[in-house]
Amino acid sequence: RASASRKCASFQTWEDEKLALWSKLKVASFTRTIAAAYAVVLTNLVVRIQLNLLARHVFLERSLREGMANADGMETSTILPRHTQETYLSLSEYFRADGLRDLVDEVNAVCERELNEIPLNARLSSDDVMGVVAAVRAALELEAPSGVPRSWTGLVVPSAVPADNRLRELILETIDILESERFAAVVSETLDCAFDFLSAGISTAIERAQCGGVIPFAKLIPSMANLSNRVLAAGEDGLLKRLEGVSSVDELSSLVYCSFNETSVPA
């Protein structure tokens, strides 16, 4: 009798461990794919802002130097030093090393909360899954309880201000852009495109399951995890290619290059 009790307890422990593992997998699959979408969107926008901002500074300073080539006392140090340019462009490494980790942790916490009550044997339609994704997105993008769009600056720009005056000028101008209503509108539109991309991938996975328009949650997990590979893929099939169709990104890039001014262009 004691042996039978131990076997039952051991079996129950194994069942509990298996259920806990599946629960971790379902959260991880959503976290991986949703965080990948945010990472692609933010990296694309921030790098384009950096390149256009830096190009403007270099162009203007080079034009100034050429225009004053014959003036006495002209100092070549007025040109933005190469090491300053390289350090500024390396800001993307901060997001890759620190900001991305914080983003993944945040996405994971929200996914865990939203998925906690959905059992593994639930049968979900495309609308059901996108309803969960929409709830995760709202929690990530809107400040509670005000409902205003969140700031992404802390994820993509380090808080420490550098001593280099020229580098500090570039970073502060970048922060001004990232904190603007214009940027918030472009982020929202770009994320709309990204989540349309996810919705199409989820619908395809459910259709391929051939379960009458629904899919068992446990069967959705590998499909959701694999969708992150499409999000990150290079070439025609990846999310980055799809983002090329968002016209507001090009408009923001042009605005940054021509000298960003929040008050001069409507959001």
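For residue 164, only one of the following conditions fails: (1) within 20 Å of the chain's Cα centre (by Cα); (2) under 30 Å from residue 56 (Cα atoms). What is its number?
(1)
Would you be able to say whether some residue in the stretch 13-31 is open to solvent by 90 Å² or more (accessible area, probe 1.4 Å), in a helix (DSSP H, G or I) and modelled with pLDDT under 70?
Looking for residues that are open to solvent by 90 Å² or more (accessible area, probe 1.4 Å), in a helix (DSSP H, G or I) and modelled with pLDDT under 70, one finds at least one in the stretch 13-31, hence yes.
Does residue 62 count as at pLDDT below 85 and open to solvent by 50 Å² or more (accessible area, probe 1.4 Å)?
Taking the combined requirement at face value, the residue satisfies it.
Of the residues 234, 184, which single one is among the aliphatic types (A, V, I, L, M), closer than 23 Å to residue 101 by Cα and at pLDDT below 90?
234
Could you please find all residues in the stretch 229-247 being more than 17 Å from the chain's Cα centre (by Cα) and touching a residue at least 24 places away in the same chain (Cβ under 8 Å)? Show your work before the answer.
To start, the set of residues in the stretch 229-247 that are more than 17 Å from the chain's Cα centre (by Cα) comprises 235-237, 245, 247.
The one that is more than 17 Å from the chain's Cα centre (by Cα) and touching a residue at least 24 places away in the same chain (Cβ under 8 Å): 245.
If you scan the stretch 181-194, which residues turn out to be open to solvent by 10 Å² or more (accessible area, probe 1.4 Å) and of a type outside the set (D, E, K, R)?
If the condition is that a residue be open to solvent by 10 Å² or more (accessible area, probe 1.4 Å) and of a type outside the set (D, E, K, R), then 184, 185, 188, 193 are the ones that fit.
Working only within the stretch 174-214, note down all residues that are under 23 Å from residue 138 (Cβ atoms) and among the aliphatic types (A, V, I, L, M).
Residues satisfying the conditions are 178, 184, 185, 186, 187, 191, 194, 198, 200, 202, 205, 206.
Please count how many residues of the stretch 222-261 are open to solvent by less than 70 Å² (accessible area, probe 1.4 Å), under 18 Å from residue 196 (Cα atoms) and in a helix (DSSP H, G or I).
Of the residues in that region, 11 qualify.
Yes/no matrix, rows are residues, columns are (1) touching a residue at least 12 places away in the same chain (Cβ under 8 Å); (2) within 20 Å of residue 37 (Cβ to Cβ):
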residue	(1), (2)
98	yes, yes
105	no, yes
108	yes, yes
120	yes, no
130	yes, yes
144	no, no
147	no, no
150	no, yes
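Could you tell me which of the residues 157, 136 is open to solvent by less than 40 Å² (accessible area, probe 1.4 Å), touching a Cys at 6+ places or on another chain (Cβ under 7 Å) and touching a residue at least 60 places away in the same chain (Cβ under 8 Å)?
One residue alone meets the criteria, 136.
Sort out which residues of the stretch 93-104 are in contact with a helix residue (DSSP H, G or I) (Cβ under 9 Å, 6 or more places away or on another chain) and open to solvent by 60 Å² or more (accessible area, probe 1.4 Å), and write them in order of number.
Within the stretch 93-104, 96, 102 meet the criteria.
Yes/no matrix, rows are residues, columns are (1) surrounded by 15 or more Cβ atoms within 10 Å (Cβ to Cβ); (2) more than 18 Å from the chain's Cα centre (by Cα); (3) free of Cβ contacts under 8 Å to residues at least 60 places away in the same chain:
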position: 178; (1), (2), (3): yes, no, no
position: 198; (1), (2), (3): yes, no, no
position: 202; (1), (2), (3): yes, yes, no
position: 206; (1), (2), (3): yes, yes, no
position: 210; (1), (2), (3): no, yes, yes
position: 216; (1), (2), (3): no, yes, no
position: 220; (1), (2), (3): yes, yes, no
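The values are calculated or read from the model by the stated rules, or taken from the named source; none is laboratory data. Keep in mind it's a predicted model, so treat the numbers as computed, not measured. Cβ: placed from backbone, ideal geometry, glycine included. Neighbour counts: every protein chain shown. For the accessible areas, the whole protein counts, side chains as well, though only heavy atoms, and no ligand, DNA or RNA atoms are used. Shrake-Rupley method; radii C 1.70, N 1.55, O 1.52, S 1.80 Å.
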